[in-house]
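The values are calculated or read from the model by the stated rules, or taken from the named source; none is laboratory data. Computed from a predicted structure; not experimentally measured. Cβ atoms come from the backbone with ideal geometry, glycine included; neighbour counts cover every protein chain shown.
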Amino acid sequence: MRIKARKTSAVIASVVGVVAACSMAMTAPALAQSDHTTPSAQTLAKSAQITMHLQAQAAASNDCGDDTGLNLAEREFWRCTGTSLTSPWVGSTCTPGEYNAGTNYNVFWAINNCIDRVWLHGLTYPGFTEYGGFAYCVNPGPEAVWIPAAGDSDFPENIQVTDNDSPC
């Protein structure tokens with residue numbers, strides 16, 4: 001019980017840090033924020049947010065918490081490929097299209113660093129349009145999101161990058 005309480009306290013403290021950082025970033029004056037075409041200040045702020053979020057995530061699950069392979073200066077769709085602290089992050093293009101895997105893409109966590117939403121489909125294209133299967137939409141944004149299908153060891157066979165910037 002003592003170990004669980006310490007782990008819970010660490011996760012809560014990490015989450016509070018992420019919330020505080022996000023609040024500060026959202027309340028900064030518009031003139032102080034850099035233009036989206038210049039990655040310098042915005043990329044650094046986003047990287048700091050991601051790092052804090054990944055530290056909170058690592059405290060909770062140990063998945064991909066050391067940022068191996070993650071480079072948020074690159075506008076890509078990032079996916080965590082394993083369940084250890086050093087599991088690598090792999091980047092994929094933000095160019096709209098259907099990207100089918102030979103078997104599947106391991107996706108435990110995702111960060112959509114594209115400007116449009118990305119869909120993960122259980123079946124390859126065009127199979128998911130005919131037969132269904134699971135689908136999971138990932139909004140653009142700096143937060144790492146856990147992919148529910150990974151909990152069942154069922155990984156997507158398709159990553160669909162859209163040209164739709166509306167929320168999922």
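For the stretch 93-112, which positions are in contact with a Lys or Arg (Cβ under 7 Å, 6 or more places away or on another chain) and touching a residue at least 60 places away in the same chain (Cβ under 8 Å)?
94, the sole residue that qualifies.
The rows are residues; the columns are (1) closer than 23 Å to residue 76 by Cβ; (2) modelled with pLDDT of 95 or more; (3) more than 11 Å from the chain's Cα centre (by Cα); (4) buried (at least 19 other Cβ atoms within 10 Å of the Cβ).
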position	(1), (2), (3), (4)
127	no, no, yes, no
135	yes, no, yes, no
141	yes, no, no, no
144	yes, no, no, yes
153	no, no, yes, no
158	yes, yes, yes, yes
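Please tell me if residue 166 is closer than 22 Å to residue 63 by Cα and not β-branched (Val, Ile, Thr).
No: the conditions fail for residue 166.
Tell me, which strands (runs of 3 or more DSSP E) lie completely within the stretch 117-168 with 2 or more residues that are of a type in the set (Phe, Trp, Tyr)?
none
Given the residues 71, 106, which is the only one that is under 20 Å from residue 135 (Cβ atoms) and either more than 12 Å from the chain's Cα centre (by Cα) or part of a loop (DSSP other than H, G, I, E, B) (or both)?
Selected residue: 106, the only one of 71, 106 that is under 20 Å from residue 135 (Cβ atoms) and either more than 12 Å from the chain's Cα centre (by Cα) or part of a loop (DSSP other than H, G, I, E, B) (or both).
Being modelled with pLDDT under 90 and under 19 Å from residue 138 (Cβ atoms) narrows it down to one residue among 104, 100; which is it?
104
Residue 85 versus (1) surrounded by 16 or more Cβ atoms within 10 Å (Cβ to Cβ); (2) outside any strand (DSSP E or B); (3) touching a helix residue (DSSP H, G or I) at 6+ places or on another chain (Cβ under 7 Å): which is the lone unmet condition?
(1)
Could you please let me know if residue 115 is in contact (Cβ under 8 Å) with a residue 24 or more places away in the chain, surrounded by 18 or more Cβ atoms within 10 Å (Cβ to Cβ) and aliphatic (A, V, I, L, M)?
no
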